[in-house]
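What follows is a single structure, written as structure tokens, with notes after it.
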Amino acid sequence: MEPYLSGSHAAWAEGYAAHSQHKVTVLSLPGRFWKWRMHGGAVTLARKFLTMGWVPDCLLATDMLDLATFLALTRSCTANIPAAIYFHENQLSYPWASHDRDRTRGHDIHYGFINYISALAADAVFFNSAYHRESFFAELPRLLKHFPDYNELDTITELQSKSGILPLGLDLARFDAFRPASEEGSAIPPIILWNHRWEYDKNPCEFFEALYTLADQGLDFRLVILGECLRERPDEFLEARARLGERVLHMGYVPDFGEYARWLWRANILPVTSHHDFFGSSVVEAIYCGCFPLLPRRLSYPELIPPQYHTICLYRDLPDLVERLRCLITAASSPAVAPLQAHVARFDWHILSPEYDARFETLCHRQKGDSR
């Protein structure tokens, strides 16, 4: 059940449905009005579910669904069906925009509470990274202590005991069709890539600040800016186009997957400055296509990189990032990326879908009292 079928949520739901050995039906709503989806999506999906006329072996909800409300409204036929919830993100530790009206009015806590009661109602709780699980349980006591009494802190242990890590599945093999036919060597000048949303939590200001410093030093590089823009005036990006001028090879969202994939294969360096990432699908895609990553030593990023690469891929702060970028741009040869590509290939659906299937089969057997 996915009340917000858009972007990475849609790719995940449809990807698992396509690669599972089981019959997976996606019950969904269009990916817009995310706050209303968290409030009212359960009512609409419950109504849709009750008209389907069949009973599945297992229910899998995402964090955008109020699972407790959904189960209450469908209890006539879901009372004995095991239910799992998958957290792409959570509203307890997700960084809110400073200008968000719900935050300024003190209403933001309710969305985290929906995540909490959904996890309570589920038989199994899955997070897409270890960092995500840790950050959720770090914030949960603060949420519950916000309330005046009966704040149910003992339920945290219960939730931890039924939670686990299930990495995000990605259709990485899809990129192979757009891989260059021959190795063309490193681009000269090297191409720097941004392939994330144009949003505050991806920290574009620091990304461009690093590039302005390099440009002022006279270093030669090119820039490709991809990703969706949901704002009318993305000022940081407009400024970057003006200040970096001919260095910018492309700036803007590309709806065609083939064009997106070809840009990733052409790019060389992926500097990431995000303040938020529970997994990092765009980072994984770029690494798979041969980009060398420079990632902050925080969030989920250390989990994406082999331990032996941590010292060269993970930076401390902005000056450290600028220095590492300078070294990569001026280096006589590029660092090896094949080990990194092989490492992230484990997130492809061909590898992960059997693990997903096994987890949900175990959940079904456990619910039925089967020891298998």
Taking Arg372 and the conditions (1) modelled with pLDDT of 95 or more; (2) touching a His at 6+ places or on another chain (Cβ under 7 Å); (3) within 24 Å of Tyr16 (Cα to Cα); (4) not acidic (Asp, Glu), which numbered condition does it fall short on, given that it satisfies the others?
(1)
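Do we find a residue being assigned by TED's automatic domain parsing to the domain that holds Phe208, crowded, with 20+ Cβ neighbours inside 10 Å and of a type in the set (A, V, I, L, M) anywhere in region 329-342?
Start the filter on region 329-342 by keeping residues that are assigned by TED's automatic domain parsing to the domain that holds Phe208, which leaves 329-342.
From what's left, crowded, with 20+ Cβ neighbours inside 10 Å: 340.
Now narrow it down to the ones that are of a type in the set (A, V, I, L, M): 340.
Checking region 329-342: at least one residue is assigned by TED's automatic domain parsing to the domain that holds Phe208, crowded, with 20+ Cβ neighbours inside 10 Å and of a type in the set (A, V, I, L, M).
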Within region 253-297, restricting attention to residues that are touching a Pro at 6+ places or on another chain (Cβ under 8 Å) and of a type in the set (Val, Ile, Thr), which residue is farthest from Ala130 (Cα to Cα)?
Ile269
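Answer yes or no as to whether Val344 is touching a Gly at 6+ places or on another chain (Cβ under 6 Å) and on the phi < 0 side of the Ramachandran plot. Don't jump to the end; show me each part of the working.
On the way: touching a Gly at 6+ places or on another chain (Cβ under 6 Å): no; on the phi < 0 side of the Ramachandran plot: yes.
It is false that Val344 is touching a Gly at 6+ places or on another chain (Cβ under 6 Å) and on the phi < 0 side of the Ramachandran plot.
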Taking the conditions exactly as written (part of a loop (DSSP other than H, G, I, E, B), exposed (fewer than 14 other Cβ atoms within 10 Å of the Cβ) and among the aliphatic types (A, V, I, L, M)), does Met64 satisfy them or not?
no
In region 230-270, what residues are touching a helix residue (DSSP H, G or I) at 6+ places or on another chain (Cβ under 6 Å) and either under 25 Å from Leu299 (Cα atoms) or not assigned by TED's automatic domain parsing to the domain that holds Ser182 (or both)?
Glu236, Leu264, Ile269, Leu270
His275 versus (1) out of contact with any Phe, Trp or Tyr (no Cβ under 6 Å at 6 or more places or on another chain); (2) over 18 Å from Phe292 (Cβ atoms); (3) outside any loop (DSSP other than H, G, I, E, B): which is the lone unmet condition?
(3)
Those helices (runs of 4 or more DSSP H) lying entirely in region 279-332 with at least 1 residues acidic (Asp, Glu):
281-288, 301-304, 318-330
In region 157-176, how many are without any contact (Cβ under 8 Å) to a residue 40 or more places away in the chain and under 24 Å from the mean Cα position of the chain (by Cα)?
4
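Give the residue that is nearest to the chain's Cα centre (by Cα), with candidates limited to residues of region 275-333 that are closer than 26 Å to Pro180 by Cβ and of a type in the set (D, E, K, R). Talk me through it step by step, then tell me what you get.
Of region 275-333, the ones closer than 26 Å to Pro180 by Cβ are 280-295, 304-306, 309, 312-313, 324-325, 327-333.
From the residues that got through so far, the ones that are of a type in the set (D, E, K, R) too are 285, 324.
Details: Glu285: 11, Arg324: 25 Å.
Checking each candidate, the answer is Glu285.
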Residues that are free of Cβ contacts under 8 Å to residues at least 60 places away in the same chain and within 21 Å of Arg222 (Cβ to Cβ), drawn from region 319-372:
Glu323, Arg324, Cys327, Ala331, Ala332, Pro335, Val337
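For the subset of region 25-60 comprising residues that are among the β-branched types (Val, Ile, Thr) and in contact with a strand residue (DSSP E or B) (Cβ under 8 Å, 6 or more places away or on another chain), which member is farthest from Ser163 (Cα to Cα)?
To start, the set of residues in region 25-60 that are among the β-branched types (Val, Ile, Thr) comprises 25-26, 43-44, 51, 55.
Cutting the leftovers down to in contact with a strand residue (DSSP E or B) (Cβ under 8 Å, 6 or more places away or on another chain) gives us 26, 44.
Details: Val26: 23, Thr44: 27 Å.
Once the filter is applied, the top-ranked residue is Thr44.
In this structure, does Glu228 turn out to be surrounded by fewer than 17 Cβ atoms within 10 Å (Cβ to Cβ) and either within 17 Å of Thr273 (Cα to Cα) or of a type in the set (Asp, Glu) (or both)?
Numbers: surrounded by fewer than 17 Cβ atoms within 10 Å (Cβ to Cβ): yes; either within 17 Å of Thr273 (Cα to Cα) or of a type in the set (Asp, Glu) (or both): yes.
In short, yes.
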Residue check: is Ala10 of a type in the set (A, V, I, L, M), out of contact with any strand residue (DSSP E or B) (no Cβ under 9 Å at 6 or more places or on another chain) and surrounded by 14 or more Cβ atoms within 10 Å (Cβ to Cβ)?
no
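The values are calculated or read from the model by the stated rules, or taken from the named source; none is laboratory data. Please read these numbers as outputs of a predicted model, since none were measured by experiment. As a convention, Cβ positions derive from the backbone with ideal geometry for all residues, glycine included, and neighbour counts pool all protein chains shown.
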